[in-house]
DNA sequence: CAGTGAGCGAGCTTCCGCTTGACTT
């Protein structure tokens, strides 16, 4: 037999499979899709039966060249991409792009990476399923058409650079609608009654079988209890059992890692990727809950060895996810006998989670015994109920228990044991309390609970959950933030002996951590799309088109016909909307300004949400006043009073050294600016009332602090200093920073030394000129940082220049301008880019 | 770092799914 070329999607998979197949087989990977619709324009010829135009993705040119060469020399090419719609398309694109001969090409599939599975696949090859490929083309083209027709409408009607799509727009809708549910939620309260009884030597905790709507009713009930006798009216013991959850899919892994370990969705995926690449776990982007036979056998061994035979119970799970394609196994340890891995702490934790979940899925049910005791009250018909739970056999609970999203108020002191009780037995009441409890609004989404919801709706795929969440945040439709709670009073009535005591207590309510909130722009875009394109935004739109894709895959429906039927009415709506719809600014009238008697509105402006008093009208000579909304304010909920307060800012609070002091609220909170220098106000200072005296004080303190940082100044230029920066001594020139070479002593630097470090006189002057230019360009068209960077790099800079650290900049691209020279060139200063370049260990 | 609230307009933005890159010393 001659040489065989096998092509799979993932390089890690290629490595594993090569080991199974011996030396007649070369296994290579395509790194996912290799061709896509052309990037420019639609890439689809709509008038010509939706003919797509594909191009090899630029980053895949190299791999295609290599595969081409290898396929030429091979006797047989085995296309082994995943067994799903996308995988079939990858095989098809490969056969096209590599110009493979039909008789030299075979298509094989397997959904687990085990030796028997691979060998069996090789023995059962088939041809490319063109129907399945067409289903993928339909999916791809539909997504392109939806995205590329909707987005431009948003550019015209709302704001440039926005986006819309089949998946992201529904994700945003979910978050917007949930937020409105929260806003419209009216909390009600009721009194929950619980009691502590004494039975012999033991205490029994019980809860009343009803709640009281008012404090008066609760009070009345407690009055009745004063003279009451209590006895066991009924006892019931029932066996119960609990079963383990299925092994992890991408979505359930993301949820559990979020609940149990506090990882974000993308963090989980990054860690899982590393574990996968290290050969520790199976593939992490999967919707399947299946375990291979090999894995089940390994689990059997591990359970017998670690816990005993009684704990083993083999199970197979069926996916409940609609539209699951199950091209892979569930996520599991590659070798189940490896109970823990070494290395990065977070990887270790994630592996442990996967290991436990996998093992637990093959373990016995937990057996419980639930006892319910009803306690009668002699003076009234209500009854108290005490519940106890005894674990008879722990089963899978020995290793793993799935968490739930609403662990909010499950304070039922779960699974306590009841003492031995008898029917008719008398109980002593020790204490009865009636506590006011409030109803909760539906929970806001976390990243993970949003993924769960999307999966339930069949929207998105394992490979896109994490990217979707980052897209809606990048577009500024959604933000993940914390929110501080507000205190709320509640009432507690306590009966001890013959005394009822009333207390008012305070609890914190509404606090949120890492939850998804819609932004103003997110709401405006959502409302606009929902108004004009309800079909696309429908929660079942994806499910509906998926059904049609399935029909295409089964050969029952022509893919271009499906697209035509979709596109015709859709495009009509697009045209109608482009022509007829109003520009959307989310404008909302708040009321009238009592001072000027002019209308106050909020709307989205060029730089985001703003409040506006009056209108600009040249004929009448009126001019509108503007104030940006604060970050924690929403157009939908801001009140007139809050909006009016915004116009009080910035506020001139007085004079100091002949220059005025202005107080404002900026991106980083309240500040006072004096002589164009900013000083932050402290938490105790209210920016609306703080006076000049206090501001002067703050400015003086700031000056002293700044002064303490300065190591050296130069008479040649007051803006040039040697001072302590965040990472030790450095040279500052205006807002540019320069690193001091190790061998130099900061305090002893001369002006000439400094110029040399900056890179010579030319460079020095250039930096000053660039700084000037930048400040002048303010309010001009666009951010002019780019030309500045070029100038500095191309001509002058011989030293490293870096800007003051700013989160945005450091993540996006390194702001270092690398020195064009040589030995004296200092090394990198900050590790701002480290995260990005950090590798698997 | 923090302000701004227009339309003399050139050309850009955008989708969803697959998968991991990585010029130099």
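The numbers here are math on the coordinates, done by the rules we state, and not lab data. Note that the structure is predicted; figures quoted are calculated from it, not measured. Ideal geometry is used to build each Cβ from the backbone, glycine not excepted, and the neighbour counts take in all protein chains shown.
Contact order normalised by length for region A:461-519, with contacts defined as Cα pairs under 8 Å and 6 or more residues apart; what percent is it?
With pairs under 8 Å counted, the relative contact order is 40 percent.
Rounded to two decimals, what ratio of Rg to Rh does region A:334-449 give with C-alpha atoms and a Kirkwood Rh? Mind dumping the intermediate values first?
Numbers: Rg = 21.2 Å, Rh = 19.0 Å.
For region A:334-449, the value is 1.11.
Among A:661, A:562, which comes first, second and so on when ranked by fewest other beta-carbon atoms within 10 Å?
Values: A:661 24, A:562 21.
Lowest count first: A:562, A:661.
Send over the semi-axes of region A:599-686's equivalent ellipsoid, whole angstrom and largest first, taken as the square roots of 5 times the C-alpha gyration tensor eigenvalues.
Result for region A:599-686: semi-axes of 26, 18, 11 Å.
Where does chain A land at 222 nm, in deg cm²/dmol rounded to the nearest 500, when only DSSP H runs of n ≥ 4 count, each adding -39500 (n - 2.57), divided by all residues?
Calculated mean residue ellipticity at 222 nm is -10500 deg cm²/dmol.
Using R₀ = 56 Å, calculate the FRET efficiency as 1/(1 + (r/R₀)^6) where r is the Cβ-Cβ separation of residue A:210 and residue A:346; round to 0.05.
After rounding to 0.05, the efficiency reads 0.75.
For the peptides A:255-261, A:193-199, what is the packing order when you average, over each peptide's residues, the other Cβ atoms within 10 Å and list the highest mean first?
Numbers: A:255-261: 20.7, A:193-199: 19.0.
Ranked by mean Cβ neighbours within 10 Å, highest first: A:255-261, A:193-199.
At 4 °C and 1.567 mPa s, grab the translational diffusion coefficient of region A:172-290 from Stokes-Einstein with a Kirkwood Rh over Cα pairs, rounded to a whole number in µm² per second. Let's see the in-between values first.
Values: Rh = 20.7 Å.
Answer, rounded: 63 µm²/s.
Give the shape of region A:348-403 as rounded, prolate or oblate, defined through the alpha-carbon gyration tensor: a ≥ b ≥ c are the square roots of its eigenvalues, a/c under 1.5 means rounded, and otherwise the shape is prolate if a/b is larger than b/c and oblate if not. Walk me through the intermediate numbers first.
Values: a/c = 6.24, a/b = 3.10, b/c = 2.01.
Prolate, since a/c reaches 1.5 and a/b exceeds b/c.
Averaged over all directions, how much area does the convex hull of the C-alpha atoms of region A:534-589 cover when projected, in nm²?
5.2 nm²
Label chain A by shape, choosing from rounded, prolate and oblate, from the square roots a ≥ b ≥ c of the eigenvalues of the Cα gyration tensor; if a/c is under 1.5 it is rounded, and otherwise prolate applies when a/b is larger than b/c, oblate when it is not.
It is oblate, given that a/c is not under 1.5 and a/b is not larger than b/c.
For region A:527-673, what is Rg from Cα atoms divided by 2.2 N^0.38 Å, rounded to two decimals? Write out the running numbers ahead of the final one.
On the way: Rg = 24.6 Å, N = 147, 2.2 N^0.38 = 14.7 Å.
So region A:527-673 has a normalised radius of gyration of 1.68.
From the gyration tensor of the Cα coordinates in region A:220-271, what semi-axes in whole Å does the equivalent ellipsoid have, largest first, with each one equal to sqrt(5λ)?
With the √(5λ) rule applied to region A:220-271, the semi-axes are 49, 20, 6 Å.
How do A:639-646, A:418-425 rank on mean C-beta neighbours within 10 Å, highest first? Write out the running numbers ahead of the final one.
Values: A:639-646: 15.9, A:418-425: 13.4.
Output ranking for A:639-646, A:418-425: A:639-646, A:418-425.
Assuming R0 = 45 Å, what is the FRET efficiency of residue A:304 and residue A:101, from their Cβ-Cβ distance, to the nearest 0.05?
0.30
With a cut-off of 8 Å between alpha carbons and a minimum separation of six or more residues, what is the relative contact order of region A:585-666 in percent?
For region A:585-666, the relative contact order is 18 percent.
Starting with the highest mean, order A:275-287, A:124-136 by the number of other Cβ atoms within 10 Å, averaged over the residues of each peptide.
Sorting A:275-287, A:124-136 by mean packing, highest first, produces A:275-287, A:124-136.
What is the ratio of the Cα radius of gyration of region A:692-744 to 2.2 N^0.38 Å, with N the residue count, to two decimals?
That ratio works out to 1.34.
State, as an integer percentage, the relative contact order of chain A based on alpha-carbon contacts under 8 Å between residues 6 or more apart.
Values: 1383 pairs, mean separation 83.1, N = 841.
The normalised contact order for chain A reaches 10 percent.
Compute the orientation-averaged projected area for region A:361-516 from the convex hull of its Cα atoms and round it to one decimal in nm². Don't skip to the end; give the middle numbers.
Details: hull surface 59.6 nm².
The directionally averaged projection comes out at 14.9 nm².
For region A:487-597, go through all pairs of different Cα atoms, get the mean of 1/r, take its inverse, and jot down that Kirkwood value in Å.
20.6 Å
If each residue's Cβ is checked for other Cβ atoms within 10 Å, how do A:271, A:70 rank with the fewest at the top?
Ranked by crowding around the Cβ, least crowded first: A:70, A:271.
Can you report the principal axis dimensions of region A:65-210 using only the alpha carbons, biggest first, rounded to whole angstrom?
85, 59, 26
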